Amino acid sequence: MPFRKILIANRGEIAVRVIRACREMDIPSVAVYSEVDRTALHVRMADEAVAIGPAPAFQSYLSIERILDAARTSGAEAIHPGYGFLSENAELARACEEARLAFIGPSAASMVLMGSKTAARRAMIAAGVPVVPGADGAVAGADEARGEAGRIGYPVLVKAAAGGGGKGMRVVEREADLLAALREAASEAERAFGDPSLYIEKYLVTPRHVEIQVLGDRHGRVIHLGERECSLQRRHQKVVEECPSPLVAAHPEMRREMGETAVRVARAAGYYNAGTVEFLVDRDRRFYFLEMNTRLQVEHPVTELVTGVDLVKEQIRIAAGEPLSLTQDQIDWRGAAIECRVYAEDPDNNFFPSPGKILTLDRPAGPGVRVDSGAYPGWTVPLEYDPLIAKLAVWAPTRPEAIARLERALGEYHITGIKTNLSFFRSILVSAEFREGRLDTGFIDRWMSRQAAAADGDPEQEHAAALAAALYALRSRPANGAAPPARSRWRSEGRSSLLR
Ligand code: ADP
């Protein structure tokens, strides 16, 4: 057993995911929870649970002191930070070292390097890794910014040096708009990260976001587990992820090239444990380093489904000093996996968060379906935290079969009491662009403006939307060709998991 006890410094579906790995490894788990999470699923599932403070995250899930206290009182030997919260906080990694606790993640030094977009860029340029053309470091004022943007060429992207979660980012099409963008991005960055520094890079028009999963041990070995396509984004935030990337599937040499580059990135950062190297890919299939996430990603299940590697267990073993259990040659990619991020939000009201009590919850199951969830019926989704309540991932031998399976699983997924974005996924899946794998980071914006145009009565768009709806209705029919039954009590209650 690598550790006698592990504390999970997180909540929601990712805490549940880590608890499951602990249980399979026979390691007792300790959950931590804030006052509003007393009845949360991760608290129910862990072997022990420690209250760490009030609902606001900075007084609970973001308090290093309280997390360390909880580890001490529970006798945990290691801390898994999940994603979000303190997962990319080098202070926690350092504090763990001082407290003689194992941090299930990389070294504080790797986190510091990769936590600054400008420092990471410089290190990557030195390591010969291609980066998006841009400024060498943070820009010091309006004049310098104007000069840099002119040199790079519009459109440019103003980014927070300490950025994350798509915050502090502004696209600037022309010089006249630069000043306002700098001001807005700096104040957003100051609010979100306590650091207003900005830098500027070329804005690639509708690139793809393709990232590589890496694993490194503490003995200097680094391997990659292939790519994930994460081009389906709303406000620079991923909503659907898949493995393999349809682009890489069509150009298999890309996996090796990007994989080797990602391993080079990890080596340049002295990286160990699980990490993700993100790239943007342009229309000519040239790829550029974007950033490295020094933690487990939300979308890790699609890699697990296709490679069969349990990333959380690997993380735990690596943190205990064990060598990687696999060599690069042993990594094999089978079939196709797609994941949807299920949020408590209202797709008909600009994706506004929709916290509240879940009244009923029917989950999909069956062949090739995986649901990583932090929710259960009767549980109230708190408004204090990110409204991600579950991830639905499917695996099938081919991408078209995975899409059919995802449609089937979405048809079985019903949540009442709160609004969710499940219907949004259903409508995206039927689009020809998605089915053909023509994905880029502008996909969802284009799709939304088509929907809006259809709602406004643009005849051409209305036609496209009607076709999509008809196609969905057709595909939702039972295989015997019968029309789906009309709404009835029997249908909504007796057959709650079927064809709604
Ligand atoms: P964050 O750290 O805030 O998540 P990233 O740098 O990882 O920001 O970028 C998030 C997303 O923003 C990318 O996946 C992509 O969609 C978009 N993006 C970032 N940089 C560029 C760029 N130079 N050109 C075009 N899109 C970009």
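See the values below:
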quantity	calculated
Among (1) within 22 Å of Glu229 (Cβ to Cβ); (2) more than 17 Å from the chain's Cα centre (by Cα), the one test that His300 misses	(2)
Verdict on Arg183 being open to solvent by 40 Å² or more (accessible area, probe 1.4 Å), away from the ligand (no atom under 16 Å from the Cβ) and not assigned by TED's automatic domain parsing to the domain that holds Val30	yes
Criterion: more than 16 Å from the ligand (Cβ to nearest atom) and modelled with pLDDT under 95 - qualifying residue of Ala142, Ala135	Ala142
Residue ranges of strands (runs of 3 or more DSSP E) in the stretch 1-79 with at least 3 members of a type in the set (Asp, Glu), buried (at least 24 other Cβ atoms within 10 Å of the Cβ) and in contact with a strand residue (DSSP E or B) (Cβ under 9 Å, 6 or more places away or on another chain)	none
Qualifying residue in the stretch 189-204 (condition: open to solvent by 50 Å² or more (accessible area, probe 1.4 Å) and more than 24 Å from Val139 (Cα to Cα))	no
Top-ranked residue in the stretch 273-315 [being touching a helix residue (DSSP H, G or I) at 6+ places or on another chain (Cβ under 8 Å) and free of Cβ contacts under 8 Å to residues at least 60 places away in the same chain; ranked as farthest from Ala162 (Cα to Cα)]	Glu304
Test set (1) in a loop (DSSP other than H, G, I, E, B); (2) over 18 Å from Arg235 (Cα atoms); (3) in contact (Cβ under 8 Å) with a residue 12 or more places away in the chain - Gly457 fails condition number	(3)
Sole residue being within 19 Å of Ile8 (Cβ to Cβ) and within 15 Å of the ligand (Cβ to nearest atom), chosen from Tyr61, Tyr83	Tyr83
Hey, Ala268 closer than 18 Å to Val131 by Cβ and over 19 Å from the mean Cα position of the chain (by Cα) or not	yes
Selected residue (only one of Arg408, Arg435, Arg426 is farther than 19 Å from Glu229 by Cβ, more than 21 Å from the chain's Cα centre (by Cα) and charged (D, E, K, R))	Arg408
Residue match in the stretch 257-272 (condition: away from the ligand (no atom under 14 Å from the Cβ), acidic (Asp, Glu) and either assigned to a helix (DSSP H, G or I) or in contact with a helix residue (DSSP H, G or I) (Cβ under 7 Å, 6 or more places away or on another chain) (or both))	yes
Test result for Ala126, within 16 Å of the ligand (Cβ to nearest atom), surrounded by fewer than 20 Cβ atoms within 10 Å (Cβ to Cβ) and hydrophobic (A, V, I, L, M, F, W, C)	no
Residue in the stretch 226-239 that is over 19 Å from the mean Cα position of the chain (by Cα) and within 16 Å of the ligand (Cβ to nearest atom) present	no
The stretch 204-225: number of residues that are of a type outside the set (D, E, K, R), more than 15 Å from the ligand (Cβ to nearest atom) and touching a residue at least 40 places away in the same chain (Cβ under 8 Å)	9
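The values are calculated or read from the model by the stated rules, or taken from the named source; none is laboratory data. Keep in mind that what you see is a predicted model, and the values were worked out from it rather than measured. Neighbour counts are summed over all protein chains in view; Cβ atoms, including those assigned to glycine, are modelled from backbone coordinates with ideal geometry. Quick note on the areas: whole protein, heavy atoms, side chains included, nothing else; ligands and nucleic acids left out. Shrake-Rupley method; radii C 1.70, N 1.55, O 1.52, S 1.80 Å.
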